[in-house]
Amino acid sequence: MMIRLSESWTTLLNKFHSDPYGQIKDKRIENWKKLISNLPQINSTKVDLVDEITVHGEWDNKDQKRAEEDLLHLVPWRKGPFTIQDIFIDSEWQSNMKWERVLALDIELKGKNILDVGSGNGYYGFRMLGKGAEFVICLEPNTSHLTQFLALNHFIDSKRIRMIPQRIEEISFLDKCFDLVFSMGVLYHQRNPENHLSLLASHLKEGGQIIVETLIAPDECGQALIPENSYANMSNVRFIHTRKGLENLVNKASLKILDMGTSVKTTPEEQRSTKWMPFRSLVDGLSQELDRTVEGLPSPDRVVLVLTKL
């Protein structure tokens, strides 16, 4: 398969071809490799990435039981859901709801080369393929998310998506070869959000688009809500910009907003604990009435923006 990428990106992909973990030191990796290599095969596979992510085919009950046990070893499953034969991976996030909000902005994905920054386990990347993307590169430094991706792609078996365990800050070259660059749920974790947007733009073709999904604060917060210690029990939330704050931030990064979706309140329907993510989730970070965080701050709203270069 011919991939329209620069020599630098091709070299980077080749670096992780034989070992997707590269030089990462993690005691869990050897066990993860054994787990993935021992996952059963599904025969006569039918894959749907359009309306959901499902893989169906033929295997026996013994294979299903073994596969479910192995996949449960990879908790927590944050993004999803996924259906592998009769195994339903009921993830913490109902990511299809966020994906529908992205699709509502009429972004053309067919035939596009896409970079998904901070991709998690690849849920959105697989959905991009379902909408006809040519090739998707996921950047995800979290080795647990990488392992989930490798397990999923064992069954989906797509050669049009790859995951590299690096941050965008670690990419040393600035080849502008992507039609679309995604940053889903990443911006508010950044110590320097302007630099994050500039890095996204540095890999974008002329005329390309950046899709940012992020938390948004009420207008009365001025430019941004800056949590003192934590936000909804999350200690790594740096800035939650208001609409005006996002506009100013985008302009500082020499970008402009092409479109902005309606802000949507995050509810326990979209984010919650499950068997596949049995730890604290949204309700643990909110007041009993769900209208404020446990820190007394506005409860989370999210928004999708489409950006391009000035």
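Observations on the structure shown:
- Beta-bridge orientation, the chain: approximately 55 percent antiparallel, per DSSP, counting only bridges with both partners inside.
- The number of Lys pairs in the stretch 95-309 with C-alpha atoms less than 14 Å apart, excluding pairs fewer than 8 positions apart on the same chain, is 12.
- Rounded to the nearest Hz, the phi-derived 3J(HN,Hα) couplings of the stretch 243-258 under the Karplus curve 6.51 cos²θ - 1.76 cosθ + 1.60 (θ = phi - 60°) are 4, 5, x, 5, 4, 5, 4, 5, 5, 4, 8, 6, 10, 9, 8, 7, where x marks glycine and proline.
- Gyration tensor (alpha-carbon) shape descriptor, the stretch 95-309, a/c threshold 1.5: oblate
- Taking the chain and dividing mean pair separation by its residue count, relative contact order in percent (alpha carbons under 8 Å, at least six apart): 16 percent
- Burial order of peptide ranges 293-301, 40-48, 85-93 (average beta-carbon count within 10 Å, highest first): 85-93, 293-301, 40-48
- Order of Met97, Met184 - criterion: other Cβ atoms within 10 Å of each residue's Cβ, fewest first: Met97, Met184
- The stretch 4-123: C-alpha gyration tensor shape, a/c 1.5 cut-off, then a/b vs b/c: oblate
Where a number appears in this text, it was derived from the coordinates with a stated rule and is not lab data. Not measured: the values here are computed from a predicted model. Backbone-built Cβ (ideal geometry, glycine too); neighbour counts: all protein chains shown.
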